[in-house]
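Structure, as structure tokens:
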Amino acid sequence: MNQGSLGTFVKRMDGVGAIKVVSPETGVLEWLEFNLLRLNSGEEWEDEGVVKLSSGGEHIAEVALVVLSGACSIYAGNASWEGLQCRRDVFSGKATTLYVPPDTRYRIIAKSNFEAAVVKVIVTDKSAGIKEPVLITPEQVKRRTVGFLNWQREIDDIIDASFPAARLLLGETRNPPGNWSSYPPHKHDIHNPPYEVRLEEVYHYRIFPSYGFAVQLLYDGEEQEVYVVGDGDTLAIARGYHPIVAAPGYRLYYLWALAGDERQMYVRFDESHSWVLAMEATIAAK
């Protein structure tokens, strides 16, 4: 783990079962916990909407379980979804995602080798947000293409502001080889709506082929952190601008999860580079 003042960078964590990667106890986060779940075919795992502390305490939490690969059956609250055939890998299709409201139990049975990202967000009001588990299918995921030239990328909005979550915003981004994203650089670490709202964020990366790399920047005008990203790495972002670029020859994917008191994507662009937005608009108008 590399602990900076702007973010916490964690190299790939291998193993089977539930793996806690970053949480409010491991650095710069206040609300978000990010876990990986890896099961062999036939194995099952059960959990609930809480963030458990090493001290023995716990906080209620909303949960999003994003299937990265594999087939499974899901049981959550009084609902069930059996025999789900999800994507082969994160580059082959949109995600299947389970949303679980606070303090609700859920169970996963793997029908093949299975991997998921499990995002938990501490909530202070149990009544906030939707009250029943929801399965978000690939057909319900909103896909958009943003940027232009070598900063064009594909974004899947899984849980956006229209979904009645309590604090969580969630999605996936895919960069073609050599392309930038989170570009022009933006940040969301100050509460100043409607120009910017404070949202902490976690990135979880995959790269194809898996021996490739990307470069992640974090800066705020005074401090700067640079990370060479490999397949399976994770970054918790506390503050600052955070653009990322895929190395030529390698596709980049990252799951992003944000949490804050206001669920709006109000971001501030770095004024030194925001002219790129005007150029995009000019080209689009032609």
With everything on Cα atoms, drop me the angle between helix 275-285 and the longest principal axis of the chain, reported from 0 to 90° to the nearest 10.
-> 90
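Take the Cβ-Cβ distance between residue 105 and residue 150 as r, set R0 to 41 Å, and report the resulting FRET efficiency rounded to the nearest 0.05.
0.35
What does the charge add up to near residue 96, with Lys and Arg as +1, Asp and Glu as -1, over the other residues with Cβ less than 14 Å from its Cβ? The partial results should precede the final answer.
On the way: positive: 87, 88, 94, 111; negative: 82, 89, 115, 139, 156, 172.
Net of charged neighbours comes to -2.
So if each residue of separation counts as 0.36 nm, and I subtract the Cα-Cα distance between residue 265 and residue 25, what length gain in nm does that give? Intermediate values should be presented prior to the final figure.
Working: separation 240, 0.36 × 240 = 86.40 nm, distance 2.56 nm.
My answer for the length gained is 83.8 nm.
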Would you kindly work out the equivalent ellipsoid of the range 1-147 from its C-alpha gyration tensor and give its semi-axes, the square roots of five times the eigenvalues, largest first in whole Å?
-> 24, 19, 17
With the label point 7 Å along the Cα-to-beta-carbon line of residue 88 and a cut-off under 18 Å to each amide N, the hits in the range 108-146 are 112-115, 138
Where labels lie 7 Å past Cα in the beta-carbon direction, separation of residue 44 and residue 130 in nm = 2.4
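Fully extended, how many nm does the chain gain between residue 190 and residue 222 (0.36 nm per residue separation, minus their Cα-Cα distance)?
On the way: separation 32, 0.36 × 32 = 11.52 nm, distance 1.57 nm.
Extra length available between residue 190 and residue 222 comes to 9.9 nm.
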If packing is taken as the mean number of other Cβ atoms within 10 Å per residue, what is the order of 95-106, 135-146, 23-34, highest first?
-> 95-106, 23-34, 135-146
Give the long-range amide H neighbours of residue 69: residues separated by 5 or more places, or on another chain, with amide H under 5 Å away, using H modelled in the peptide plane at 1.01 Å from N.
-> 115
Quick one: plug the Kirkwood hydrodynamic radius of the range 112-263 (C-alpha pairs) into Stokes-Einstein at 25 °C, 0.890 mPa s, and report D in µm²/s.
-> 148
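Using 0.36 nm per residue of separation minus the Cα-Cα distance, give me the extension gain between residue 113 and residue 5 in nm, one decimal. Spell out each step's value before the answer.
Details: separation 108, 0.36 × 108 = 38.88 nm, distance 3.70 nm.
My answer for the length gained is 35.2 nm.
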Label zone at residue 16, where the point sits 7 Å out along the Cα-to-Cβ direction: the range 98-128 residues whose backbone N lies under 12 Å = 113-114
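Only the coordinates and a few stated rules stand behind these numbers; no lab work does. Small disclaimer: the values here were computed from a predicted structure and weren't measured. Using ideal geometry, Cβ is built from the backbone for each residue, glycine included, and neighbour counts are taken over all protein chains shown.
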